[in-house]
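Asks: Here it is: the structure, laid out below.
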């Protein structure tokens, strides 16, 4: 059987034989090509400067695989790039593991691979090693992607979820809940007026600018699954501090807020894929905010709250009408499979 | 920039004025019950409890449909999902509610075909797409949802979607309020009546309960200004000693409600007695399929062999739903019963009083 001429992915493509080689050399390599991947060895061999490295991994099983503003491919690259950047590192190399369900249209596969190459280019990282498996129909859902990556941490940078201090300001780099709502509406076939698009984006350039500005940054974290609310709870307990958020300052698109209202979701718990939370000393907050706002992906950034020494481990929200409520960790899932 | 229509109902300065008026005018301690779970959620989300004076205690009532669904009905949904070639369809918040044993989410994990839908019509569509399967919709909800369920049954009848059925556990609001008022120990100085339910029932549906018990009652919407306005009206009624049945939600609720929706509802369903979780049987508080539509009754379609299992010991959900206890007074609250390991229904539904206390407290 000539698998190359078929218009869907077949088990042959993952069998390690001619079809596998053709898939890699004709469809994947030309798009991902770089000096380390081109070597064609079992693993990537690359030079590293002295110092500290950050290493992160994430698997992507989002359903649907295509959605407004992106697909599982760029999501998988941006996600790992961002996880490395949130360690205060400059992402350099990533690996890609593909698990494909037999029957995936070749066109879909190509579009996903193309998006991954574009995303890697945009982030300035190299895809240096990878693996492709094909499983029988029903044993996976279209395509699952694992990406892992490494990055170098510049000297003097010390960013961690345990470093938030009372008095620090909490900055969110843009509107919340865009990704989760884009996925939900795509999956459920809900149609709303307005442009509900994923915010999936690489944040490493924004982080690099912040860290090389000389500003002190205590914590960086991307509020993906569980949203801003859950992420801040994690930081509050890691650092043993309390937090107060201000509802009036929370950036959210009107249409996203509208969908949340309609479906009874709290946007504080909805996933983001192109936003970061930066916790910085008060005296540097406005400078860091300006730096974030100057980035392509940070135009709607805002200071959304502050770190306190009250009620350690807890996050509170001052509501627009002057009330106060607890923002607890998300329990269970509001939405299934969003990344 | 001008405020949008919705933003006006969240206007901080308007809220401030209302709160100031409530503080000024409220002299005597008042126990006000928000009947509806959506009100409970809104009150917590906007942090309304801690801006009200100490004189005002807000109690959460029996208006969270998931919370009041009898354990036996949940057991029935689970039992249906265990039948061969069945797709169970449900609103999302019912998924994690425990019956006497497992939950629908648990059944899904174990391999049952349980699907979350946003509308009962999605269930009819699934039935159309899967003619070889039985598609059962777990019909839970108050007057707000019953008309759409009735419309779905009518559609299934018209289009001969014979593999569609519903397992009915729908409930009516006014009979529950009447039952509440005659329960020993219950003391309520005012009802914040549900907005969405009243869109269907109208103001008149509460007239008989009001005339009998003369409890100050205000129908209102779900924005902070709506709720604060209703609280102020209830304070004024109490302080003046002149109880009334008032509508603070005229932008959505008409005196006679939505007669067309009620007509559809009564075309398909007839009033019956219903079991409320934690409360027990309330006369004429449920709706069952009329004989003409009995063919759509999942209860009759499957042999479920359900047994009565006692509700969990120590769980105060019943007393909480009647305003006799607050969640914090329950011995299980936060200790054994959490949103991850809910014992009673008030902890599992996002609109349940216990979950609201836990998540936003």
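Asks: Which percentage, to the nearest 5, of the DSSP beta bridges contained in region A:3-153 is antiparallel?
Replies: 70 percent
Asks: Now for a different question. Where in region B:137-152 is the amide nitrogen less than 17 Å from a point lying 7 Å along the Cα-to-Cβ axis of residue B:267?
Replies: In region B:137-152, the label zone of residue B:267 (backbone N under 17 Å from the point 7 Å along Cα→Cβ) covers B:145-152.
Asks: Report, in whole Å, the centroid distance computed from the Cα atoms of region A:32-86 and region B:294-352.
Replies: Distance between centres, Cα-based: 46 Å.
Asks: Can you show me the helix-derived [θ] at 222 nm for chain B, built from DSSP H runs with n ≥ 4 at -39,500 (n - 2.57) apiece and divided by the number of residues, rounded to the nearest 500.
Replies: After summing the helix terms and dividing by the residues of chain B, the value is -10500 deg cm²/dmol.
Asks: Would you kindly state how much longer the chain becomes between residue A:141 and residue A:192 on full extension, computed as 0.36 nm times their sequence separation minus their alpha carbon distance, in nm to one decimal?
Replies: 15.7 nm
Asks: Moving to a separate point now. Return one number: the angle in degrees, 0 to 90 and rounded to the nearest 10, between the long axis of the Cα atoms of helix A:106-123 and the longest principal axis of the Cα atoms of chain A.
Replies: Rounded to the nearest ten degrees, it is 50.
Asks: Among B:138, B:346, which comes first, second and so on when ranked by fewest other beta-carbon atoms within 10 Å?
Replies: Listed from fewest to most nearby Cβ atoms, that is B:138, B:346.
Asks: Shielding by partners for B:43-51, please: the mean number of other protein chain Cβ atoms within 10 Å of each residue's Cβ.
Replies: Mean partner shielding for this stretch: 6.
Asks: Moving on to the next point. Please report the antiparallel percentage of the DSSP beta bridges confined to chain A, to the nearest 5.
Replies: 75 percent
Asks: In which sequence would B:44, A:66 go, from the one with the fewest C-beta neighbours within 10 Å to the one with the most?
Replies: A:66, B:44
Asks: Angle, helix A:72-85 long axis vs. longest principal axis of chain A, Cα atoms, 0 to 90°, nearest 10?
Replies: It is inclined by approximately 50 degrees.
Asks: If each DSSP helix of 4+ residues adds -39,500 (n - 2.57) and the sum is divided by the residues in chain A, what number results at 222 nm, nearest 500 deg cm²/dmol?
Replies: Per the formula, -8500 deg cm²/dmol.
Asks: Mark the label point 7 Å from the Cα of residue B:303 along Cα→Cβ and return the residues of region B:81-103 whose backbone N is within less than 17 Å of it.
Replies: Counting only backbone N, you get B:81-85.
Asks: How much length, in nm to one decimal, is gained on full extension between residue B:295 and residue B:208, taken as 0.36 nm per residue of separation minus their Cα-Cα distance?
Replies: Gain in length upon complete extension: 27.9 nm.
Asks: Which of these, B:99, B:109, B:286, has the largest mean-square fluctuation under a Gaussian network model of chain B (Cα springs below 10 Å)?
Replies: The residue with the greatest mean-square fluctuation here is B:109.
Asks: Please arrange A:133, B:160, B:283 by how many other C-beta atoms lie within 10 Å of their C-beta, fewest to most.
Replies: B:160, B:283, A:133
Asks: Follow-up. For the protein assembly as shown, what proportion of DSSP beta bridges, expressed in % and rounded to the nearest 5, is antiparallel?
Replies: 50 percent
Asks: Also, quick follow-up: Please give, to one decimal in nm, the separation of the simple spin-label points placed at residue A:114 and residue B:7, each 7 Å out from Cα toward the Cβ.
Replies: 4.1 nm
Asks: Quick one: if you stick a label point 7 Å off each Cα along the C-beta vector at residue A:57 and residue B:23, how many nm between them?
Replies: 5.7 nm
Asks: Mind telling me which of B:97, B:343, B:242 comes out most flexible in a GNM of chain B, alpha-carbon contacts under 10 Å?
Replies: Answer for the Gaussian network model of chain B: B:242.
We did not get these values from a lab; they are worked out from the coordinates using the rules stated. Everything numeric here is computed off the predicted structure, so don't read it as measured data. Counting neighbours? That spans all protein chains shown, and the Cβs are built from the backbone with ideal geometry, glycine included.
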